[in-house]
1. Just to verify a number: FRET efficiency for residue 232 and residue 206, C-beta to C-beta distance, R0 = 25 Å, to 0.05?
2. Please name which of 102, 121, 78 has its Cα lying farthest along the dipole of segment 56-140 towards the positive end, using unit charges on Cβ (Lys, Arg +1; Asp, Glu -1) and the Cα centre as origin.
3. Going by how many other beta carbons lie within 10 Å of each one, how would you line up 153, 80, fewest first?
4. Among the lysines, select those whose C-alpha is under 22 Å from the C-alpha of residue 68, and discard any that sit fewer than 8 residues away in the same chain.
5. Label segment 75-210 by shape, choosing from rounded, prolate and oblate, from the square roots a ≥ b ≥ c of the eigenvalues of the Cα gyration tensor; if a/c is under 1.5 it is rounded, and otherwise prolate applies when a/b is larger than b/c, oblate when it is not.
6. How high is the FRET efficiency from residue 184 to residue 45, r the C-beta distance, R0 35 Å, rounded to 0.05?
7. Could you check the spin-label model distance between residue 162 and residue 214? Points 7 Å from the Cα along Cα→Cβ, value in nm.
8. Looking only at segment 56-140, where both bridge partners belong to it, what percent of the DSSP beta bridges are antiparallel (to the nearest 5)?
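Read the figures in this text as sums done on the coordinates, not as results from a lab. Here the structure is a predicted model, which is why all the values come from computation and not from measurement. So basically every Cβ, Gly included, is an ideal-geometry build from the backbone, and we count neighbours across all protein chains shown.
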Amino acid sequence: MKQTFMSFDHDLADMCAQERRQGLWQNPAASCCSVQPLEQTGGTREKDLPVGEHPLQLYSMGKPNGVKVTILLEELIALEHSNAEYDAWLIRIGEGTQFSSGFVGVNPNSKIPAMVDRSTNPPTRLFESGSILFYLAEKFGAFLPTEHYKRAETMNWLTWQMGSAPFVGGGFGHFYAYAPFRIESAIDRFAMETKRQLHVLDSHLAWNEYMVGDEYTIADIAIWPWYGAIMNDAYDARNSSRSTNTRT
């Protein structure tokens, strides 16, 4: 399997290089199609992660996936769970901090957030925001219902968010706000998908106070940083995304 992925990776790199030579990319250096060979993933520099005095060590930044975990931790502290005290360390993804050996040791996928629970022996590494939310909710017995149907519904919406948000951030956010050149079909595709997801939430919340009826759960904590951000004009797109022709 590894050889199959490596072969695909090199084929894609060759294709991108050929397109550069043919002048098909308006800004190849900044293009989303730039590729690192698979064997170069992982740690690119030797550097340990800092460790503070509290049981939980959070390595993150103020992006939606990182905000989810911070919200939950602050909610747990508000409920006076003393073992939920944490040290937060800023991971500057623009500077490549996520590729340090220490960070990759916690999250092989080199994405924020990552966490280490040092209250266990040995310490427990955690990555992927949904996994961290579930772990903390189970550990502290909060924001994850024990009743069968509510628990199932919580996991339904938590995993819905995890599967849906990439269309918002990596899809609409990238092609609308960050791509080096404009691709109308991509903007239209992901703008319509973002609107569809917002309609799913709007329809559900028209009849429910929270995502799981009257109970505030990790599903709400996961959903708000992404979709609340859109409604608060993330990507400068709240009005102009109604028509992809309004951005120049």
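1. Details: r = 20 Å, r/R0 = 0.80.
With R0 = 25 Å, the Cβ-Cβ based efficiency is 0.80.
2. Positive-most Cα among the choices belongs to 102.
3. Numbers: 153 19, 80 7.
Ranking 153, 80 by Cβ neighbours within 10 Å, fewest first, gives 80, 153.
4. In chain and number order, the partners are 111, 139, 150, 195.
5. Working: a/c = 2.69, a/b = 1.20, b/c = 2.24.
The shape class here is oblate.
6. Values: r = 39 Å, r/R0 = 1.13.
After rounding to 0.05, the efficiency reads 0.35.
7. The answer from the label model is 3.0 nm.
8. Values: 8 of 13 bridges.
Bridges in segment 56-140 that DSSP calls antiparallel: roughly 60 percent.
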